[in-house]
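So the structure is just underneath, and the comments pick up after that.
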Amino acid sequence: MRRENQISSSGSDNLTLPESYELEKAILGALILEPDNVSDVREIIGASAFYHPQNAKIYEAICRLDDQGIAPNLISVDREARRVGVPLYDIVLLTQAVGSAIGILSHARQLRELECLRRLVLLGTELSARASDGNHSADEVGGWITQQIEEIAAKTARVDDIAPLSSVVRVALDGLEQRQNARQSGECVGVPTGLSRLDALTGGWRGGQLIVLAGRPAMGKSAAMLHFARSAAASGVPVCIFSLEMPAEQLVGRLLIGASGVDSGNFRTGCVDADGWRGLEQAGEELSGLPVYLNDRANVSMSTIRSQCKAMQRRGRCGMVIVDYLQLLDTTTEKRNDSREREIAAASRAAKLLAKELDVPVILLSQLSRKIEERADKTPLLSDLRESGAIEQDADMVIFIDRPAMYGVETIEAGRYGVISSSGVGVLHIAKNREGATGAICFSHNESLTKITDYDTATTTSTIAPF
């Protein structure tokens, strides 16, 4: 049922590719004799599973007929196959290779197995070429090979992609029960954000969500990101932070300042007294106990982030992912003609797929375009997302961070609080929320933006309005 075929590759190197001509003929012949099996076989294999080109063309002809609602019998397959250059005698020989379609699904799985083995053999050659051509870094090659192997492994796995409604209904009701219990006990339904008003509006971060946190430079994206990370970690959720802009030491410095209350200027210049050192040591001990993991390598790609997050999750160290920020990701591809917009769109999509694959919230920081500076009203809009409309499409939630005081605005209209001073106050605008309401909340921050708290924490409850 299986023979080995050697081909020449890369000069004198020979590759032995697993394949079976007899198995391919048996499957095609069975499909022509009993066309009712076509749909089941198509769920298992595609045309790429056939090593021999003529067999692949015949299988494609059978699939095209099936798409058109035409039974792929000997006559219809012959007619369709002739259009792509497969002669009649090959079709006839196929029906003579098998007596019935008994065991066809088992045969299809065997052919899929041979295809996967064949891809692994070829993958080894491609890996050698990429690793030695001098055009790819070790991270790039590692990310690429991990993705390829996972795709092959996924193809060999027998997964039922179509679930009955009854099972999904049960899952939905179980999820509702968990949320209700959490709400009644005063807990956040999802991963706590560290701002009770934001928790009330969003329910916290959820697994599978892509949350885009966007703003203009110096608005406090990184400060908010660190606040979210610390709050999640404090609740026991391990957080992986990929900081493409700021070194890990600088990030930790900001956390230490916020936790200790030491003046940021004194921290940077080294003017810290004994009390300040005690506060910093205590803050350092507290922070060291949090499950937060930092990667500050610049120009990292989403494929590398995915590989590292999967490895961390296997060790129980990845319950939330933060990427700071989208526009600094390495988005280069082998398609040299891809526009910057398409590259950013691909990275955004990869971030969403990562959230869904790992079932963790992914917070993706993003810049806003300069268009906002040209308007009288500086409130961010979804159209301000920089370089790609795909960001809005992929995101489950889009949050804009705004500090009106940065634009010289002295007061903020804050709903039930009336008009408040903009000094030390920022606004989070939830412009998109696929699973809930939109709105805005105020938060307080210190002068160095190293500490963020609820605005008016004295009256904060889980049921209050956003403002």
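The values are calculated or read from the model by the stated rules, or taken from the named source; none is laboratory data. No experiment lies behind these values; they were computed from the predicted model shown. Don't worry about glycine lacking a Cβ; one is built from the backbone with ideal geometry, like all the others, and counts go over all protein chains shown. These area figures cover heavy atoms from the full protein model, side chains too; ligands, DNA and RNA do not enter into them. Shrake-Rupley method; radii C 1.70, N 1.55, O 1.52, S 1.80 Å.
What the table shows:
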quantity	calculated
Failed condition for His136, given (1) part of a loop (DSSP other than H, G, I, E, B); (2) closer than 30 Å to Ala298 by Cα; (3) modelled with pLDDT of 80 or more	(3)
Tabulated pairs, region 40-54, first surrounded by 14 or more Cβ atoms within 10 Å (Cβ to Cβ), second of a type in the set (A, V, I, L, M, F, W, C) and outside any loop (DSSP other than H, G, I, E, B), C-beta under 6 angstrom, 6+ apart or interchain	Val41/Ala108; Ile44/Ala108; Ile45/Ala108; Ile45/Leu111; Ala47/Ala56; Ala49/Leu111; Phe50/Ala56
Residues being of a type outside the set (Phe, Trp, Tyr) and outside any helix (DSSP H, G or I) - total across region 278-311	12
Positions within region 55-73 being part of a helix (DSSP H, G or I) and open to solvent by 70 Å² or more (accessible area, probe 1.4 Å), in sequence order	Lys57, Glu60, Arg64, Asp67
Hits in region 151-174 (condition: at pLDDT below 75 and surrounded by 12 or more Cβ atoms within 10 Å (Cβ to Cβ))	Lys155, Thr156
Yes/no for Arg342 being basic (Lys, Arg) and within 18 Å of Glu150 (Cβ to Cβ)	no
